[in-house]
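Written below as structure tokens is the structure these notes are about.
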Amino acid sequence: DAKTTQPTSMDCAEGRAANLPCNHSTISGNEYVYWYRQIHSQGPQYIIHGLKNNETNEMASLIITEDRKSSTLILPHATLRDTAVYYCIVRVASGYSTLTFGKGTMLLVSP
Amino acid sequence: GAGVSQSPSNKVTEKGKDVELRCDPISGHTALYWYRQSLGQGLEFLIYFQGNSAPDKSGLPSDRFSAERTGGSVSTLTIQRTQQEDSAVYLCASSLVGIGGGADTQYFGPGTRLTVL
């Protein structure tokens, strides 16, 4: 799987949009971009994934650049409960593959 | 619907004892994974089950670790003769697509925190 690069930490004010960037310049055509997060002392939580097109669900939006070399996870109205480590992962589109988390981005949402 | 559940949530045991950890996957999910996560560390893959296929045991760290998945649903991870280095959070994940069907989105349980004294 391609390697990803994320900032170590980010801050966001409660109620504002949190925009978490991820670079994946070596991504292959058959690899998806996945986002998970892990709130302290909890299991990882799936957020969203995409291949080429932008995606939106009830939790977040995923914006993938046209060249697919980077993406941004957007939490439109961050709450204190969104404080967590966010992991951007690139995974092959078919078959199963085990998950490997890098360092991720520690997002701190403050009042 | 119900997510992945794991039990117990916490387990404290003495070195040398055996422990069993349980995972109930999301209903209908054919694939089941076990991982562990040590303090401040990333995920370490342990074992993978898919339907009736032979499990992928390539991540099990020693022969003290074993896992079963009965009836294609519930799974039990057993650690025999526990050691202090086995202390970690053991995570179970399940997914609907295991092999040859597109991206495999894994949903995790809350984990079992194992402490070996």
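The values are calculated or read from the model by the stated rules, or taken from the named source; none is laboratory data. Since the model is a prediction, treat every value here as computed from it, not as a measurement. Neighbour counts run over all protein chains shown; Cβ positions are idealised from the backbone, glycine included. Each accessible area value is taken on the protein alone, full model and side chains, heavy atoms only, with ligands, DNA and RNA left out. Shrake-Rupley method; radii C 1.70, N 1.55, O 1.52, S 1.80 Å.
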A:LEU51 vs (1) over 23 Å from B:PHE45 (Cα atoms); (2) more than 14 Å from chain B (Cβ to nearest Cβ): all pass except (2)
Note on segment B:39-63: residues open to solvent by less than 40 Å² (accessible area, probe 1.4 Å), in contact with a strand residue (DSSP E or B) (Cβ under 7 Å, 6 or more places away or on another chain) and in a loop (DSSP other than H, G, I, E, B) are B:GLY59, B:LEU60
Of the residues in segment A:73-86, those that are open to solvent by less than 40 Å² (accessible area, probe 1.4 Å) and within 13 Å of the chain's Cα centre (by Cα) come to A:LEU73, A:LEU75, A:ASP82, A:ALA84, A:VAL85, A:TYR86
Here the residues within segment B:1-44 that are within 12 Å of chain A (Cβ to nearest Cβ) and in contact with a Lys or Arg (Cβ under 9 Å, 6 or more places away or on another chain) are B:SER5, B:GLN6, B:SER9, B:ASN10, B:CYS23, B:LEU32, B:GLY42, B:LEU43, B:GLU44
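Does A:GLY102 meet the test of being touching a strand residue (DSSP E or B) at 6+ places or on another chain (Cβ under 7 Å), free of Cβ contacts under 8 Å to residues at least 12 places away in the same chain and not in a strand (DSSP E or B)?
Values: touching a strand residue (DSSP E or B) at 6+ places or on another chain (Cβ under 7 Å): yes; free of Cβ contacts under 8 Å to residues at least 12 places away in the same chain: no; not in a strand (DSSP E or B): yes.
For A:GLY102, the condition - touching a strand residue (DSSP E or B) at 6+ places or on another chain (Cβ under 7 Å), free of Cβ contacts under 8 Å to residues at least 12 places away in the same chain and not in a strand (DSSP E or B) - is not met.
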Of the residues in segment A:88-102 that are open to solvent by 20 Å² or more (accessible area, probe 1.4 Å) and under 16 Å from A:PRO44 (Cβ atoms), the one that is nearest to the other protein chains (Cβ to nearest Cβ) is A:THR98
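Here's the yes/no breakdown for (1) crowded, with 17+ Cβ neighbours inside 10 Å; (2) modelled with pLDDT under 90; (3) of a type in the set (S, T, N, Q):
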| site | (1), (2), (3) |
| --- | --- |
| B:CYS23 | yes, no, no |
| B:GLY28 | no, yes, no |
| B:PHE65 | yes, no, no |
| B:ASP104 | yes, yes, no |
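Is it the case that A:THR105 is within 10 Å of chain B (Cβ to nearest Cβ) and crowded, with 19+ Cβ neighbours inside 10 Å? Can you show your working first?
Numbers: within 10 Å of chain B (Cβ to nearest Cβ): no; crowded, with 19+ Cβ neighbours inside 10 Å: yes.
Criteria not met by A:THR105.
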Output for Cβ contacts, cut-off 7 Å, separation at least six or different chains, first residue within 14 Å of chain B (Cβ to nearest Cβ) and in a strand (DSSP E or B) in segment A:5-34, second surrounded by 15 or more Cβ atoms within 10 Å (Cβ to Cβ) and charged (D, E, K, R), reads A:GLU31/A:ASP1; A:GLU31/A:ARG91; A:TYR32/A:ARG91; A:TYR34/A:ARG91
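For segment B:9-32, give me the residue count where each residue is assigned to a loop (DSSP other than H, G, I, E, B) and more than 12 Å from the chain's Cα centre (by Cα). Let's see the steps before the verdict.
The first filter runs over segment B:9-32 and keeps only residues assigned to a loop (DSSP other than H, G, I, E, B), leaving B:9, B:14-18, B:25-30.
Then drop every residue that is not more than 12 Å from the chain's Cα centre (by Cα), which leaves B:9, B:14-18, B:26-30.
Of the residues in that region, 11 qualify.
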Output for Cβ contacts, cut-off 9 Å, separation at least six or different chains, first residue more than 15 Å from B:VAL4 (Cβ to Cβ) and in a strand (DSSP E or B) in segment B:66-91, second open to solvent by 50 Å² or more (accessible area, probe 1.4 Å) and among the acidic types (Asp, Glu), reads B:THR78/B:ASP18; B:THR78/B:GLU20; B:THR78/B:GLU68; B:ILE79/B:ASP18; B:ILE79/B:GLU20; B:ALA88/B:GLU44
